[in-house]
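Structure first, commentary second.
The values are calculated or read from the model by the stated rules, or taken from the named source; none is laboratory data. Just so it is clear, the model here is predicted, and its values are computed rather than measured. Cβ sites come from the backbone with ideal geometry, for glycine too, and all protein chains shown count toward neighbours.
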Amino acid sequence: MLKSRLISFPLLLGLVATVFFCRCGQQVFFALVTLIGAPAAYELSCLARKLVFPVYPKVTAAAALLLTGMFTTVLLRGAHLALAAGIGYFVLLALIFAPWIAVLCRKTEVFKGLLGSFAMAFWVLIPLLFCEVFYTEHFPKAGVNPLLFLILVTKSMDTGGYIAGMLTAKYLPGGNHKIAPGISPKKSWEGFAGGMALSTGVAFALMPASGISWYFALISGIVLAVGSFFGDLTESALKRAAEVKDSGSWIPGMGGICDVLDSFIYNGALFALLFFTMGK
């Protein structure tokens, strides 16, 4: 497990560096978002099926791929993408009409499965689509991209929580205090406090490069820390109910794509609220 993470983590860091600091970063980023949406939606659908939720994983993946691809073409506004967008639009229309055709044919179970598939696709895509929007926006100073800010502050909660939780479990008399042992046995109040402290600290550290105010740094650090925690807890609850350890096996040592993106389940929408009301 550790050896796999030592390989995967530097590769992910290199990918982030490419996206934000290389000339080809924009192309790499939009291609990446378009490609990871489908397997992430597929993972979620497979978990839902284990919970006897009516859903078709392959339909969910296809809908996610089409929706993400079309949203990407809108943001890029590339004329050379018009043909691909047009084909995707008609295929997407077919998918949208499919549930209602099932109703006309009195295929109730098919109708439920198709609606469930679209629900899963949108649940995965909403955070990803917000990330695409943030990538194209700018803070008052262009040094730090809003998406990079979101990633660093959100993941600081995970890192700080892990370190504080591990240290307090080992050195605090009697161990640390668990928050939801039935869902995620390792999460503690001490880890939550440590994660929030690091998340807020990173937000303040990014103030000079982003041009944000101190109160935006404070509020975003706290809100994104809470959102990251509950996103992680939500996916943990889903995996525990489905009786699986990881959502998938795409990333060695880390599990599936949803295991990496779980911190952003709520933070995409939360950061959008903060950014478009306070951050510009």
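Out of Ile151, Ile183, Ile126, Ile101, report the one residue that is farther than 30 Å from Met70 by Cα and either assigned to a loop (DSSP other than H, G, I, E, B) or of a type in the set (A, V, I, L, M) (or both).
Criteria check complete, one pass: Ile183.
Just to be sure I understand the filter: pairs with C-beta atoms under 9 Å, separated by 6 or more residues or on different chains, first member in the stretch 36-55 and more than 11 Å from Leu238 (Cβ to Cβ), second member among the charged types (D, E, K, R). Which pairs pass?
If the second residue must be among the charged types (D, E, K, R), the pairs left are Tyr42/Lys58; Ser45/Lys58; Pro54/Glu109; Pro54/Lys112; Val55/Arg49; Val55/Lys112.
Could you identify the single residue in Leu152, Leu147, Leu115 that is surrounded by fewer than 17 Cβ atoms within 10 Å (Cβ to Cβ) and under 29 Å from Ile36 (Cβ atoms)?
Leu115
Here are Val91, Val144: which of them is at pLDDT 70 or above and either over 26 Å from Val19 (Cβ atoms) or not basic (Lys, Arg) (or both)?
The unique qualifying residue is Val144.
Do you know which residues across the stretch 248-276 are under 13 Å from the mean Cα position of the chain (by Cα) and at pLDDT below 80?
Gly256
Per-residue answers, yes or no, for (1) touching a residue at least 12 places away in the same chain (Cβ under 8 Å); (2) surrounded by 16 or more Cβ atoms within 10 Å (Cβ to Cβ); (3) not assigned by TED's automatic domain parsing to the domain that holds Thr18:
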{"residue": "Glu132", "(1), (2), (3)": "yes, yes, no"}
{"residue": "Asp158", "(1), (2), (3)": "yes, yes, yes"}
{"residue": "Ala180", "(1), (2), (3)": "yes, no, yes"}
{"residue": "Trp189", "(1), (2), (3)": "yes, no, yes"}
{"residue": "Ala209", "(1), (2), (3)": "yes, no, yes"}
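Could you say which residue among Phe192, Phe204, Phe130 is within 20 Å of Tyr266 (Cα to Cα) and modelled with pLDDT of 90 or more?
Sole residue among the options that is within 20 Å of Tyr266 (Cα to Cα) and modelled with pLDDT of 90 or more: Phe192.
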